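Read through the structure below, which is laid out as structure tokens, and then see the notes.
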Amino acid sequence: MPENEFYTPTDMDRLRMENELLAFEVRFLKARSGGQPEITGSPISLSRMTHLEEAETDLKLLLRRIQNSPLGPVARTNKSFQTLNERYLKQPDTALTMAPAQRTVYLEGAERDLVLLLRRLGSGPLGLYFRRRKSFRTLQERYL
Amino acid sequence: MERTPTDTPEHPVFYAGRFSEEISGAGLPGDHTVLSDWDVLPAQLASALEPASILVVLDIFSFPFESLTGDLVDVPLILLLPTGYDADFLVTVFGKAAFSRLGFFDRVAAADDDLWDEVRRRYDFAQGQLVEVEDGRPEYAAVEISAALEAESVLYAPSREGDYEANRYWSERGDALAGNAPHRAICSVNHGPKFNKAIHRVQEKVLNPQIAAARGIQAEEVPFDVLEIGAGVGRWAASFDPAKTRFTGVDISEGMVEAARKNFPQCRFDLLGEDSVLPYGDESFDLSFSVTVMHHNPTPTKRALISEMWRVTRPGGRLMFLEDFVSGGWFTTSTVYPMSVNEFVGLLFEATAGQVVLEHVESIRYQHDDFTRGGLLSVSKLGVAGTW
């Protein structure tokens, strides 16, 4: 948001802001009812959780895109890709049932995996191909 | 906060009760409805009050207050105090049924100043809740009340030509509104008294439990020091027991500050300068809060106000923000520019150097909206008291 001037939000902004507000409240209530360290943490811990959850979502989207792209068959032969695929796409609901502390560890792992994946894709033989895509560059800017 | 006004045309409804013939013949100006005691039977009351922007009860003795339930609780009331009765009698007969249900957006019409003062003292009403009438007889009072409602229906809003400049806009608007509608001068005032009362009710429901939580285990006999930023005409002062609370409010509008002082003489109200520096020492308050103020201001002002609120709050005390965190986005002339909750929390963390702990989060959906717009954030201040 600009520092010194107001802006006119769009409908997309409205949806995003509403989603953020409700997600923030849900995380707070979960943390409070779970009695985990989050409750006594500062608000930044909730912001951090938001960031981690976004990283997990971005990682899943990236994996799905790679899998469905022309590179999919090649990628599926790669053991690291198989591991990521197994961990984040084949067990989508396990993270939701985890205790808050476990979930934090899981999400931090997802963020680390996403960073590694982005580095590998960006510096590999197909790096130029990926870097030409705007969505990839956005992810690089966000996480690297 | 800004909202879309409801489509139903609304106008004042006068409950004349036993005096319906006299009131109907009194020649009330403007669009209005007059109800007799037959019109307010429980089965009919809801439809009779459907178009009511405000309900003026001229015959307090025959009105079924207990039937004001559901959506009807949001209809603002004006109760005419009958002449010839003293305060003890009126409070005994109508205290529980009528007076105790009056909130900041309800009013009392009275011709007798002493009677008003006595009722006001007992129920901590604000001076702005008085509608002064010369003659307390229903048929004459109705004409005066009707004229007063007509006069205040024309509300001032500064021109939005050019850039919106928050301090100037709210200072000018506040000064004008405070003179015209001191009982309901809030940012969404243009949407009518029923709308304002409904919003206030929702906000009160969210805020009051957190105010109680902020007081916590502090002993009753220890005064609870409260600061409101953007206090306007002081409507939130009514939520605190003056016997146990030292309420202070600041506002950028001189007119608002003056109106607030008249409304709540037992509280303190000060003018806030454009530099957003609060005129109080460090660690002066147990609770600092704002209600729909931050979202009208640009980021640097928000940051300065949060930082100042943190400075004047005692360690262990609370800071509360009841704001819009979602934008409607359809008003081209909107003065509401909220940050998303994540952005706001980031700013809160930055402005307080992280020395706060999140205590409560609650989203708020106003009944006129089809989406969740507002939210309450309550944080406590970390640190060790500098003074004991």
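Nothing in this text is a laboratory measurement; each read-out follows from the coordinates by a stated rule. All values reported here derive from a predicted model rather than from experimental measurement. Quick reminder, even Gly has a Cβ in these numbers, built from the backbone with ideal geometry, and neighbours come from all protein chains shown.
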Counting pairs of alpha carbon atoms under 8 Å apart in space and at least six apart in sequence, what relative contact order in percent does chain B give? 13
Isotropic mean projected area of the C-alpha convex hull, the stretch B:1-160 (nm²): 10.3
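Considering just Cα atoms, how many Å³ per residue does the convex hull of the stretch B:217-333 enclose? Mind showing how you got there, number by number?
Values: hull volume 14.2 nm³, N = 117.
Per-residue hull volume (Cα only) is 122 Å³.
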note: chain B, Cα-Cα separations exceeding 37 Å make up a percent value of 23
Show me, for the stretch B:237-242, the HN-Hα J-couplings you get by feeding each phi into the Karplus relation (A = 6.51, B = -1.76, C = 1.60, θ = phi - 60°), rounded to Hz, glycine and proline as x. 4, 5, 7, 10, 6, x
Note down the nm distance, to one decimal, between modelled labels 7 Å out along Cα→Cβ at A:D11 and at B:S47. 3.8
What residues have an amide H closer than 5 Å to that of B:D270, excluding those fewer than 5 places away on the same chain, when H is modeled at 1.01 Å from N in the peptide plane? B:G249, B:V250, B:D251
How large is ³J(HN,Hα), in whole Hz, for each residue of the stretch A:73-86 in order, when computed from phi with the Karplus curve 6.51 cos²θ - 1.76 cosθ + 1.60 and θ = phi - 60°, using x for Gly and Pro? x, 5, 4, 5, 7, 7, 5, 4, 5, 4, 4, 4, 4, 5
Selection from B:V57, B:T301, B:L348, by position along the positive dipole direction of the protein assembly as shown (Cβ): B:L348
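Compute the signed sum of charges (Lys and Arg +1, Asp and Glu -1) over the other residues within less than 11 Å, Cβ to Cβ, of B:R365.
Numbers: positive: B:R373; negative: A:E18, B:E362, B:D369, B:D370.
Combined, the nearby Lys, Arg, Asp and Glu give -3.
Output the pairs from B:K197/B:K262; B:K96/B:K197; A:K134/B:K302; B:K302/B:K381; B:K205/B:K262 with a Cα-Cα distance over 23 Å in this structure; if there are none, say none.
In this structure, A:K134/B:K302; B:K205/B:K262 exceed 23 Å between Cα atoms.
Let me check I've understood the local charge: for B:L322, count other residues with C-beta under 12 angstrom from its C-beta, Lys and Arg +1, Asp and Glu -1. What total comes out? Spell out each step's value before the answer.
Numbers: positive: B:K205, B:R373; negative: B:E204, B:E228, B:E323, B:D324, B:E362.
Result for the neighbourhood of B:L322: -3.
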Taking amide H positions as placed in the peptide plane 1.01 Å from N, state which residues far from B:V57 in sequence (5 or more) or on other chains have amide H under 5 Å from it. B:Y15, B:I78, B:L79, B:L80
Do me a favour and compute the ellipsoid semi-axes for the stretch B:166-381 from its Cα gyration tensor, root of five times each eigenvalue, largest one first, whole Å. 23, 21, 18
Please compute the volume of the convex hull spanned by the alpha-carbon atoms of the protein assembly as shown and report it per residue in Å³. 180
Local charge sum around B:D270 (other residues, Cβ-Cβ under 12 Å, Lys/Arg +1, Asp/Glu -1)? -2
